[in-house]
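Bear in mind that the values in this text are calculations on the coordinates, not laboratory data. Quick caveat: nothing in here was measured; it's all calculated off a predicted structure. Note: ideal-geometry Cβ built from the backbone for every residue, glycine included; neighbour counts use all protein chains shown.
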Amino acid sequence: MSSVLYDTPGPRAKRRNVVYTIAFVAVLALVAWWVLAALNDKHQLDANKWSPFVTNSDVWATYLLPGLTETLKAAALAIVIALPLGALLGIGRLSDHRWVRVPVGAVVEFFRAIPVLLLMMFAAALYREFTTISSDFRPLYAVVTGLVLYNASVIAEVVRAGVLSLPRGQGDAAVALGMRKGQTMLYVLLPQAVTVMLPALVSQLVVIVKDTALGGALLGFEDLLSQARQITANYGANTIATLVVIALIYIVLNGILTNLAGRLEKRLRQGKKSAAAAIPAQAAAPKDEAKSVSGA
């Protein structure tokens, strides 16, 4: 089936695609074989490197689960703060008032341009020099602060793009009904833009969960990734096995988050379809009543 961006391949193109696929799979298999052979030569595939994660519950109770708890704590705090803050910044960028729109835009562009790790490091330095926060909690505060500042700015752009993607007639209709700018945004535009924004928002939430690892790597935050050092020090230098297990935990965690968001998006779309289907049915009722009256 042809389209503007895609032409249906002919017989020669199909054969060429098959050859390319076979060649790619062969190269991928060779790379995988080479990696596994190298790991085997370094004794990283030995059973004693992997068995602690299966046979010893202490590695989970002492290291992995507490690290996962800290990761979820930092991510949850960052999400709870960044989502409403990003929404407010996004709405501010859409303001008709220049004295609101310009400063908010400057704040968003400023924090969006700085790497999140640099924001965490700045926050850690500020908390150390100008606050009395305990050193035990300072890494958590620094990680959450960096995540909030960066991701709120990105979410602000997502909100702004989602609202601007709606048909202009939505806002015009609300104004025609006498709604103020704030009411139009709150009751008309934002509810419709949520479905449009949801995939991008979910991607950003996944980024927040993954970026907590930056604090564990460089700021001493005792998250899931930071536990790799403790595990490898106590269970026989099993670095590869530890990192693989931690990576699998991140994959499962982000997969659950993506799945929940997908179900929410599906429910929102179904709710809109059912509402749209109910309107014609209700509108048809007065016509039927008029016909019955005229027949009488």
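Check the chain and count each lysine pair with an alpha-carbon distance under 26 angstrom, considering only pairs eight or more places apart or from different chains. Intermediate results must be reported in sequence, preceding the final value.
Details: Lys49/Lys210; Lys73/Lys210; Lys181/Lys272; Lys210/Lys266; Lys272/Lys287; Lys273/Lys287.
Here the count comes out as 6.
Work out the FRET efficiency for Leu264 and Ala32 from their Cβ-Cβ distance, taking R0 = 41 Å, and round it to the nearest 0.05. All intermediate terms of the calculation are to be shown ahead of the outcome.
Working: r = 36 Å, r/R0 = 0.89.
E between Leu264 and Ala32, to the nearest 0.05, is 0.70.
Between exposed trypsin sites (Lys or Arg not before Pro) in the chain, where DSSP calls loop and at most 16 other Cβ atoms lie within 10 Å, what's the longest gap? Spell out each step's value before the answer.
On the way: sites that count: Lys42, Arg180.
So the longest stretch without any such site is 43-179.
Would you work out if the stretch 59-257 is rounded, prolate or oblate? Take a ≥ b ≥ c from the square roots of the eigenvalues of the alpha-carbon gyration tensor; rounded if a/c is under 1.5, else prolate when a/b is larger than b/c, oblate otherwise. Before the final figure, lay out the partial values.
Working: a/c = 3.38, a/b = 1.98, b/c = 1.70.
Since a/c reaches 1.5 and a/b is larger than b/c, the shape of the stretch 59-257 is classed as prolate.
Quick one: putting +1 on the C-beta of Lys and Arg, -1 on the C-beta of Asp and Glu, what dipole do you get for the chain around its Cα centre, in Debye to the nearest 20? Display every interim value, and only then the final one.
Values: 27 positive and 17 negative charges, 233 e Å.
With Lys and Arg at +1 and Asp and Glu at -1, about 1120 debye.
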Mean-square fluctuation maximum in Gaussian network of the chain, Cα pairs under 10 Å, restricted to Ala261, Ala124, Ala173, hits Ala173
Most fluctuating residue given options Leu45, Leu85, Leu140, as computed from a GNM of the chain linking Cα atoms under 10 Å: Leu45
So for the pair Leu45, Val102, with labels modelled 7 Å out along Cα→Cβ, what separation do we get in nm? 6.4 nm
Could you grab the relative contact order for the chain? Cα pairs under 8 Å, six or more apart, rounded to a whole percent. 21 percent
What 222 nm value per residue comes from the helices of the chain, counting each DSSP H run with n ≥ 4 as -39,500 (n - 2.57) and dividing by all residues, nearest 500 deg cm²/dmol? -27000 deg cm²/dmol
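Within the chain, what's the longest stretch lacking chymotrypsin sites (Phe, Trp or Tyr not before Pro) that sit in DSSP loops with no more than 14 other Cβ atoms inside 10 Å?
Numbers: sites that count: Tyr6, Phe137.
Here the longest segment lacking exposed loop sites spans 138-296.
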